[in-house]
Amino acid sequence: MKEMLVIENLSIKFGNFSLKDINLSVQKGEYFTVLGTTGSGKTLLLETIAGRYRVSNGKIILNNTEITNIHPKDRGIGYVPQDYLLLPHLTVYENITLGKVQLDEEVIEFLNIKHLLNRHPSTLSQGEKQRVALARALIRNPKLLLLDEPTSSLDASIKRVVWKNLDRIKKKFLLTVIHVTHDFEEALFLSDRIAVMKNGTIEQIGTPKEIFTFPRSKFVAELTGIENIFEGVGILNKKGSFVSINQELNFFTYEKAEGKVYLSIRPENVVLKKYKENKINEFEGTVVKILEKGFFVRFDIDIGVNIVSLMSAKDFEELNLRAGDSVTLEIEPKNIHLIPYDKNLNKEGVEND
């Protein structure tokens, strides 16, 4: 697949904050999400790609042409900022065609904003403002579309509708998209690949499955919602590793590590049952807390450390567990992922499917 955007060794200082040695590539037609917490550098990266800041170190290459120091209007990039930047004294029509750009009826019809063209931004809802800002970007036929937190100001009830619309827009106009968000669920829904940012650096790039299943740092694991992260000591075994937690609990995994390491287990992979079956990675414990969350039920189990389990409401009914009950939990070795504490993790031991 052809590369649409390549960033090489990009560094930029902005006040007391810096982007440090950013390297990434985005394929033509890809929906690429930059995921991170507030202050991680996501927006600064997007604005640098758009041309807002001068780059002193590194290169930005778009469609085989270096654009590092090209003026923003000549880059062929569409940019939708988080606050939309609609000029209040202009009508919707005037905002979209700013710079004497011809109105594209296909874009207007597709985004369903024809009835808004003579209105001013102050009369629009947040969703309408977003569609207008998208239209302003799309009618310029961009090679690359940049979206900065496009759903952050929208009600939770309409976010999923917007996700579906963004996916439709990408496919309809054959776009390459870079989308910045702090919402992991949003990134999972939309992305072909995800780059996770922290403190101006990229922690990990991968498919949603790779990020979700094999986080490469404790930060990425926590960002993706893993609550079961424990510090332990790995001991190599022919088939994998045993990881000891608190010198009492020993977990077996097919991944290989020796020395200090983080062990992570997704809650949905912690299986609860009433009796032991003498299998590997079985632990006896006590139900501390139960929280019913619609179709799912969350358990806190004390096995010497607190471990979280997530199961369906149907399975919960069948087990009939209550707080204070004794319970056995089991984790399959393939569902235990190891994260480097320093550089102790042998990456060759990680399963990739």
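Please identify every one of the trypsin sites (Lys or Arg not before Pro) in the range 17-68 that sits in a loop by DSSP and has no more than 14 other beta carbons within 10 Å of its own beta carbon.
Within the range 17-68, the qualifying trypsin sites (Lys or Arg not before Pro) (loop, at most 14 other Cβ atoms within 10 Å) are Arg52, Arg54.
Applying a 10 Å radius around every beta-carbon, put 121-127, 333-339, 60-66, 133-139 in order of their mean neighbour count, most first. All intermediate terms of the calculation are to be shown ahead of the outcome.
Numbers: 121-127: 13.7, 333-339: 20.1, 60-66: 15.3, 133-139: 22.4.
By packing density, highest mean first, the sequence is 133-139, 333-339, 60-66, 121-127.
Each DSSP beta bridge with both residues in the chain is either parallel or antiparallel, and the antiparallel ones are about 80%. Rounded to the nearest 20, the size of the Cβ-charge dipole of the range 1-70 about its Cα centre is 160 debye, with Lys and Arg at +1 and Asp and Glu at -1.
Per-residue ellipticity at 222 nm for the chain, helices alone: DSSP H runs ≥ 4 residues times -39500 (n - 2.57), over residue total, nearest 500 deg cm²/dmol?
Dividing the helical sum by the residues of the chain leaves -6000 deg cm²/dmol.
The fraction of Cα-Cα pairs per 5 angstrom bin, counted from 0 for the range 23-147, comes to 2, 10, 19, 21, 18, 15, 10, 5, 1, 0 percent, rounded to whole percents. Non-local lysine pairs in the range 7-135, meaning eight or more places apart or on different chains, with alpha-carbon distances under 16 Å, amount to 6. Relative to one another, the C-alpha centroids of the range 28-68 and the range 252-297 are positioned 40 Å apart.
Seen from a random direction on average, the alpha-carbon convex hull of the range 226-348 projects onto 7.5 square nanometres.
Taking each residue as 0.36 nm, the span from Ile229 to Thr123 lengthens on full extension beyond its C-alpha to C-alpha distance by 33.4 nm. Between the Cα long axis of helix 156-172 and the first principal axis of the chain there is an angle of about 60°, rounded to the nearest 10. The base-10 log of I(q)/I(0) for the chain, evaluated at q = 0.06, 0.08 Å⁻¹, reads -0.30, -0.51 [Debye formula, identical scatterers on Cα atoms, solvent excluded].
The mean sequence separation of alpha-carbon pairs under 8 Å and at least six residues apart, normalised by the residue count of the chain, gives a relative contact order of 15 percent.
Among Leu147, Leu291, Leu44, the residue with the largest mean-square fluctuation in a Gaussian network model of the chain, with springs joining Cα atoms closer than 10 Å, is Leu291. Looking at the range 275-330, the trypsin sites (Lys or Arg not before Pro) that sit in a DSSP loop and have at most 14 other Cβ atoms within 10 Å of their own Cβ are Lys276, Lys279, Arg322.
DSSP loop chymotrypsin sites (Phe, Trp or Tyr not before Pro) in the range 248-321 with at most 11 other Cβ atoms within 10 Å of their Cβ, which ones?
Hits after loop and neighbour filter: Tyr275, Phe295.
When you restrict to C-alpha pairs under 8 Å that are six or more residues apart and normalise by the size of the range 120-207, the relative contact order lands at 24 percent.
Values quoted throughout were computed directly from the atomic coordinates according to the rules given, and no laboratory measurement underlies them. From a predicted model like this one, the values you see are computed outputs, not experimental measurements. All Cβ positions, glycine included, derive from the backbone under ideal geometry; neighbour counts span all protein chains shown.
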